[in-house]
Amino acid sequence: MQFDDDLVAFLTGGISIALASRNASLVPSITRAKGCRVLRGSTAKLRLFVSAAQAGDFLDDIRSTNTVSATFTRPETHRTLQFKGTDARIDVLDSTDRAALADAVVAFGSVISPLGFPPDFIRAFLETDGDEVVIEFTPTDAFQQTPGPAAGERL
């Protein structure tokens, strides 16, 4: 799967990201990602930043099943795309990830502020103890999930 410049800009700019996985018994787990970095190459990979303290069961499920679903929504338009993968792994943040995470937090705050969210809420919503880890995976399926007649269609 290839990611053009417009798609990369969407995935990395002021976006709300929900991650889901499941355990061996098919019990779901979910967490929020604070940002995304796209690795381009012959096969694109997504690197998503999550708080380890807030992602407990989700991280356990990634370790045991390697399955992940990442849903990206632009808050002010509700444009939504979903990517799935079966090779998810947990990694540490590198310096490029840390810079992308900082940019993502600022971009998300600037997107939700005009929607009526005050600075104190935004800060509390995005703040963690610096315990972020990376979920990296190769998207194998992609879906249009924007509400409307095209929702559920493969990209």
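The values are calculated or read from the model by the stated rules, or taken from the named source; none is laboratory data. Here the structure is a predicted model, which is why all the values come from computation and not from measurement. Don't worry about glycine lacking a Cβ; one is built from the backbone with ideal geometry, like all the others, and counts go over all protein chains shown.
Condition first: in contact (Cβ under 8 Å) with a residue 12 or more places away in the chain and surrounded by 12 or more Cβ atoms within 10 Å (Cβ to Cβ). Can you find one or more residues in the range 112-120 that meet it? Checking the range 112-120: at least one residue is in contact (Cβ under 8 Å) with a residue 12 or more places away in the chain and surrounded by 12 or more Cβ atoms within 10 Å (Cβ to Cβ). Of the set (1) within 20 Å of Ala150 (Cα to Cα); (2) in contact with a Leu (Cβ under 8 Å, 6 or more places away or on another chain); (3) not aliphatic (A, V, I, L, M), all apply to Arg79 but (2).
From the list Val8, Val38, the one residue that fits, being within 13 Å of the chain's Cα centre (by Cα), closer than 17 Å to Thr138 by Cα and outside any strand (DSSP E or B), is Val8.
In the range 27-47, the residue that is nearest to Lys84 (Cα to Cα) out of those that are at pLDDT below 95 and surrounded by fewer than 13 Cβ atoms within 10 Å (Cβ to Cβ) is Thr43.
Identify, from the list Thr96, Thr65, Thr73, the residue that is hydroxyl-bearing (Ser, Thr, Tyr), at pLDDT 95 or above and under 19 Å from Ser16 (Cβ atoms). Show your work before the answer.
Numbers: Thr96 fails: under 19 Å from Ser16 (Cβ atoms); Thr65 fails: under 19 Å from Ser16 (Cβ atoms).
Unique residue meeting the criteria: Thr73.
Here are some residues: Asp91, Asp61, Asp87. Which one is over 14 Å from the mean Cα position of the chain (by Cα) and surrounded by 15 or more Cβ atoms within 10 Å (Cβ to Cβ)?
Numbers: Asp91 fails: surrounded by 15 or more Cβ atoms within 10 Å (Cβ to Cβ); Asp87 fails: surrounded by 15 or more Cβ atoms within 10 Å (Cβ to Cβ).
Just a single option satisfies the conditions, and that option is Asp61.
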